[in-house]
Amino acid sequence: MKTTVKWAVALLYMLLPAAAFPQLTLPTVGPALQLPDPALGDISDSLIDPVSGMVNVRVLERLSQSELKSVLNRLRIDRLNQFVRDNRDHVELDRNGDPAVRGVLIVTGISGASLERAQKEGFQILERTEIEGLDLDYVKFATRPDKSLKSEQKQLQKLAREAEVSADNIYFTSGTTPPATNAALLANSKVRSGAMGLIDGGVARHRAIAMPVEQRGFAKGAPVASSHGTAIASLISGSLNPDTRGLLAADIYGSDPAGGNATAIARALGWMAQRNVPVVTVSLVGPDNGLLGRAIKAAQQKGILIVAAVGNDGPAAPPRYPAAYKGVIGVTGVDLRERALPEAGIATPVDFAAPGAGIKGASPDGTLVGLRGTSFAAPLVAARLLSYYPTANFSQIEAAVNGLIREAKDLGKKGPDKIYGNGLICGQCGLR
């Protein structure tokens, strides 16, 4: 558990330069995977409203811990299968059973000899580039005809043992919002250096978003207005002063069925590094990924503090990334009674809590809608962190994090704990 001054010092030391759709965990699936007791089917069917996609809180809070784990596991499996079925032309599972862009492998740290060897074996180079702002190189390969991503990932790793071979994994939003339909994108405003960063979907025009927003797309068709990105932008706007430097918003989804991938997130981080963004909020979750992990570290070495949601897959869920990467500030959600959301993950290290239920946010249709999920807690913490850390400056990191820790209201067990981290931030923030 990351705690007080020791946490901040560890983060500062680590940062010193050396030489996606309701959120779901995406487990390995297959014939051998056992589903929960069929008797839980009625519970899982009633837990999610089929029209709005929102959680039925009354059902959720009646579940025992074992039922909660089983039901959320069932929902994860169902959603994974549905997502892959609906997008099989664009998505397939990698060797860990996580969804990724079909037919694409990403390699970092590959030598010239291994690159040549891979090409001789029939691996075609799709892209060889550097992520601007992060000084991070990668090579994108196509898998060979009629070969699965799973088998090709293993084979390419054998050919380039010194390199890190990853699929282009897909990341999902960690909160539920109604879908956006034909929403008007918020007009671009040029924001100043040091604006806050948001990596999510596009932001729609809405009266609750008063701050200047500059948007850029990192996926096919992007930027496109999204419900999730719009809700988060409204929470940030309501939490920052009217004279704020604004919001730099990266749409990594657009209209791409395989949007929200690791490459898009990495490129978005590079853009934010170029624009001297001190704090970035990311309410997305997925698996560990070689390119994403390196991009997170490279951004941190530029002085960027990254705040991320821990996800809504429940107490049995495995660690979710990017929140689980070292130095990333993991945020959970609480309800109006300051109780942790039962669906919030705890395997991912939790540093702070913030309101994740009983709050409202902007909807692309011009209304305000109820929000639930760790997605909506993360930007509230990020906005408070920005007040302590207005510029990306290594010398201010320890003071900024300690300032946030002093502000936190202790919840749960006395002192830092794995449920609430260092405590509650911004307990009265968010539209009610």
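General remarks:
- Å² of accessible area per residue within the range 297-409, as computed with a 1.4 Å probe and no ligands counted: 29 Å²
- The range 298-432: Rg to Rh, with Rh as the Kirkwood radius over Cα pairs: 0.97
- Shape call, the range 209-365: gyration tensor on alpha carbons, a/c limit 1.5: rounded
- The slack between S148 and A399, meaning 0.36 nm per residue of separation minus the straight C-alpha distance, is 85.5 nm.
- For the range 150-255, trypsin sites (Lys or Arg not before Pro) are listed when DSSP marks them as loop and at most 16 other Cβ atoms sit within 10 Å of their Cβ; the list is R161, K190, R192, R205, R207, K220.
- Using the average count of surrounding beta-carbon atoms within 10 Å as a protection proxy, the listed peptides 69-79, 314-324 rank, highest first, as 314-324, 69-79.
- Loop-located GluC sites (Glu not before Pro) in the range 134-234 (DSSP state not H, G, I, E or B) with no more than 10 neighbouring Cβ atoms inside 10 Å: E162.
- Backbone geometry of the range 193-200 corresponds, through the Karplus equation with coefficients 6.51, -1.76 and 1.60 at θ = phi - 60°, to 3J(HN,Hα) couplings of 4, x, 5, 6, x, 10, 10, 5 Hz, x marking Gly and Pro.
- Spin-label zone in the range 182-197 - amide nitrogen under 13 Å from a point set 7 Å from the Cα of T391 along the C-beta vector: 193-195
- Peptides 373-382, 275-284, 421-430 ranked from most to least packed, by the mean per-residue count of other Cβ atoms within 10 Å: 373-382, 275-284, 421-430.
The values are calculated or read from the model by the stated rules, or taken from the named source; none is laboratory data. These figures come from a predicted structure and were not determined experimentally. Note: ideal-geometry Cβ built from the backbone for every residue, glycine included; neighbour counts use all protein chains shown. Ligands, DNA and RNA are stripped out before the accessible areas are found, and what is left, the full protein with its side chains, is counted by its heavy atoms. Shrake-Rupley method; radii C 1.70, N 1.55, O 1.52, S 1.80 Å.
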